[in-house]
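Since the structure comes first, as structure tokens, the remarks are kept for the end.
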Amino acid sequence: MAEWDTYINVDFKDMPAEQERVAIIRDLTPGKYKYRSTYAKVKISKDAAKYPDQLWIRLGRGQLVPTPCSMKILELVNVIPKGL
């Protein structure tokens, strides 16, 4: 199980769940690549056991939501156009 975190700009109770969305996720796995961020198309569930990876939610100013969510990475997204 990998561990990630992300920031959201809405109240946690209003966060849409079980929908595909593009998010910036940050790797929390110890090691050389800890805190590496990437864009990914993900599905997030408020049920911590539904998907294989654990996701910690941070609110707009960095406050940590005390209960983890689960996340499934559907694909990594390249936001920089090729050729630049």
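The values are calculated or read from the model by the stated rules, or taken from the named source; none is laboratory data. The structure presented is a predicted model; accordingly, all values stated were derived computationally and were not measured. Note that we place each Cβ from the backbone using ideal geometry, even for glycine, and neighbour counts take in every protein chain shown. Ligands, DNA and RNA are excluded from the accessible area calculation, which covers all protein heavy atoms including side chains. Shrake-Rupley method; radii C 1.70, N 1.55, O 1.52, S 1.80 Å.
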Please report, as a whole percent, how much of the solvent-accessible surface of the chain comes from carbon and sulfur atoms (probe radius 1.4 Å).
53
Using Cα-Cα distances under 8 Å and only pairs 6 or more residues apart, what relative contact order does the stretch 1-60 have, in percent?
49
So how many Lys-Lys pairs in the chain land under 25 Å Cα to Cα, not counting same-chain pairs under 8 apart?
17
Most packed first (mean Cβ within 10 Å per residue), the peptides 14-25, 50-61 order as 50-61, 14-25
Charged-residue dipole, Cβ positions (Lys, Arg, Asp, Glu), the chain about Cα centre, Debye nearest 20:
260
The summed charge of the Tyr35 Cβ neighbourhood (under 9 Å; Lys/Arg +1, Asp/Glu -1) stands at +2
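How many Å² of accessible area per residue for the chain, probe 1.4 Å?
Details: 5690 Å² over 84 residues.
Result: 68 Å² per residue.
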Using volume of the Cα convex hull per residue in Å³ as the read-out, say which of [x] 123; [y] 114; [z] 103 was calculated from these coordinates.
[y]
